[in-house]
Every structure is written in structure tokens, then in C-alpha cells.
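Report on one structure; see the data block that follows.
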Amino acid sequence: MSSPIRVLLADDRSIARTGIRSVLDGDGGIEVVGEVSDLASAVGKARELRPQLLLAGVLSGSAGPAELVGELSAWCGDEGPGVLLMAHESGPDARLALRAGAHGVVLHRVTPEQLLSAIHVVAAGYRIFFGEPGPSGDGGVRFPGAAEFPGLPAAGPAGFQSLTRREREVFRLLAHGLSNTEISAVLVLSENTVKSHVQRLLEKLNLRNRVHAVIHAYRTGLMAPPCPEPVPPWTGSRAPRTLQ
């Protein structure tokens, strides 16, 4: 069994940290190693605790998320954690942070399941924007600057065509970030039936888990989100996998 993803939670709102931590603590693959409320503490704890990921919301003493990324890079160098930002909107601050080297952005409107998926995807080495579903039905997921997803197992010989009609429906909803409970409500199926469909489609497509299913959906073109503003490649040794 692989080690859990070590996450440092950074937000100056105690109630926000409590809520987010309750979500993260429910995932056995994630370990919250600490909490901080300001920029200086975030940098200090990142150097002390060596987390894999800094999940950052609003921080005291910071001019913005781009400054946070810059400070971490200056003080921690290539050994610093990846940075996943939680933002209220995908505005200029979020784009500047991505250009400064942040690994991803999630909007506060995402579901707990989508937040957990985003953490696992970023920890696997990808940049991501995970917002709310748009009118095109893209699930709100963007992989800035990306068109391919290296390092994942290939689909089985028959690929998507090997799935039954119901498995395809489940796969599309799963790729949009829906939980088993949500999928069961949409398709009017029992949650146990949904779990069985998920297990079978993962086996047929040779995918390890739900996170890889999301990535596989974009890799194969099942869902192809637009990328209006590609993010320049990360240049450090801890570079996230960018999608060219």
C-alpha cells in the first residue's frame, strides 16, 4: 500500500480549515500534517514538515496566491510542496498563480469528492483547474497547457467500446467527478450496483482508480475541455506533468 499524500492546510479562517480538514480526513490516502493561517507560517511549516502538497485558501500577510507560490519557491526551492489553491473565482489572481508555478486551482464551489480527486491528480504530478461544470458539460475540469497524460496505464485492447451502455453512462458521470451516491441518484440505481459498475469498468479499461478514470476520459478524448490560456511549463526538478 502506498503512503498517504501529506497535505499542509493553509487558510486564515479557522472554520474553513475545520470543514476542509473533515473532508480530507475522510480519505485514507490523504494525511493532513498541519494547519497554518498566514504566509510566514505556511513557508515555515512547509520547510519543517516537508508536505507533498500545500492546499491554500485565504492567507493573512499575503498579497495574493502568486506571492505564496513565489515565497515557497524562494525559501524551499525544488524541495517545496506542490501548491493547490482554493479560490472563489477563476480570476486574474488564479491565473497569475498558475503562471508562477502553482500546480492547480479548485473553486470553492466544487464538491468534497471533486476536491479529493483534485488533490490526488495534483499529487500524481499534473496541473489542474477544477471548477464547476460549464454549459458544454465538461465537468469543470481543465488541464492547463495539456493534451496528453503520460505515465498512466493504457486502456485495454477494446477500450471504451468494451463497456456496456450502462457502464459508459457510469463512466461519464464518474469522469465528471460525481460520487457513487450521486451517480446512483442520477441513474436511479442502488449504490451497490453503481459500485459494481465502477469496479468492472476500471478492470476493463485497465485503470487503477477513479482519479485515473477522470484523467483517462480526457486522454482518450471522451471529454475534451478547451484550454484558452495554456500555462507555461514548470521548470523546477519537481515539475508537474504539463499537457502540451
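In region 155-200, the residue that is most open to solvent (accessible area, probe 1.4 Å) out of those that are modelled with pLDDT under 80 and among the small types (G, A, S) is A158. Of the numbered criteria (1) open to solvent by 10 Å² or more (accessible area, probe 1.4 Å); (2) under 19 Å from the mean Cα position of the chain (by Cα), the one V105 fails is (1). Restricted to region 49-70, and to residues there that are open to solvent by less than 30 Å² (accessible area, probe 1.4 Å) and in contact with an Asp or Glu (Cβ under 8 Å, 6 or more places away or on another chain), the residue that is modelled with the highest pLDDT is A56. Only one entry of I5, I30 meets the criterion of being more than 17 Å from D93 (Cβ to Cβ), hydrophobic (A, V, I, L, M, F, W, C) and touching a Gly at 6+ places or on another chain (Cβ under 7 Å), and that entry is I5. Taking the criterion of being hydrophobic (A, V, I, L, M, F, W, C) and modelled with pLDDT of 80 or more, the residues of region 100-134 that qualify are A102, V105, V106, L107, V110, L115, L116, A118, I119, V122, A123. Taking first residues from region 117-129 that are β-branched (V, I, T) and partners that are assigned to a loop (DSSP other than H, G, I, E, B) and open to solvent by less than 10 Å² (accessible area, probe 1.4 Å), the Cβ contacts under 7 Å between residues at least 6 apart in sequence or on separate chains come to I128/F143.
Flag: A46 matches the condition of being surrounded by 14 or more Cβ atoms within 10 Å (Cβ to Cβ), at pLDDT 80 or above, in contact with a Cys (Cβ under 8 Å, 6 or more places away or on another chain) and under 24 Å from G125 (Cβ atoms). Filtered by the rule that a residue be under 21 Å from Q114 (Cβ atoms), aliphatic (A, V, I, L, M) and not in a helix (DSSP H, G or I), region 3-41 gives I5, V7, L8, L9, A10, I30, V32.
The values are calculated or read from the model by the stated rules, or taken from the named source; none is laboratory data. Please read these numbers as outputs of a predicted model, since none were measured by experiment. Ideal geometry is used to build each Cβ from the backbone, glycine not excepted, and the neighbour counts take in all protein chains shown. When the accessible area is computed, the model is the full protein with side chains, heavy atoms only, and any ligands, DNA or RNA have been set aside. Shrake-Rupley method; radii C 1.70, N 1.55, O 1.52, S 1.80 Å.
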